[in-house]
Amino acid sequence: MMARTFTLTQIHQRIDERLRIELRKRRPNPLEISRLELMKLRAKSALRRLMARPVSA
């Protein structure tokens, strides 16, 4: 489970970086911003679901 958490965290960070780059552009693409925000939200949601699971021994 730790590997999956780490992977999702990395994905979230990469999406966040791409979003910041797009927002810094002189003419940011609103469709790309929406797409990246949705992807970031999905990654965050997956992380929350993963963390909410009970730990099996």
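No lab work stands behind these numbers, since they all come straight from the coordinates. In this text, all values refer to a predicted model and were calculated from it rather than measured experimentally. Here the Cβ is made from the backbone with ideal geometry for all residues, glycine too, and neighbour counts use every protein chain on show.
One line per residue, one yes/no per condition, for (1) crowded, with 16+ Cβ neighbours inside 10 Å; (2) polar (S, T, N, Q); (3) out of contact with any Phe, Trp or Tyr (no Cβ under 9 Å at 6 or more places or on another chain); (4) in contact (Cβ under 8 Å) with a residue 24 or more places away in the chain:
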{"position": "Thr9", "(1), (2), (3), (4)": "no, yes, yes, yes"}
{"position": "Arg14", "(1), (2), (3), (4)": "no, no, yes, no"}
{"position": "Arg20", "(1), (2), (3), (4)": "no, no, yes, no"}
{"position": "Arg26", "(1), (2), (3), (4)": "no, no, yes, no"}
{"position": "Asn29", "(1), (2), (3), (4)": "no, yes, yes, no"}
{"position": "Ser34", "(1), (2), (3), (4)": "no, yes, yes, no"}
{"position": "Glu37", "(1), (2), (3), (4)": "no, no, yes, no"}
With Met51, Met2 as the choices, which residue is hydrophobic (A, V, I, L, M, F, W, C) and free of Cβ contacts under 8 Å to residues at least 40 places away in the same chain? Met2
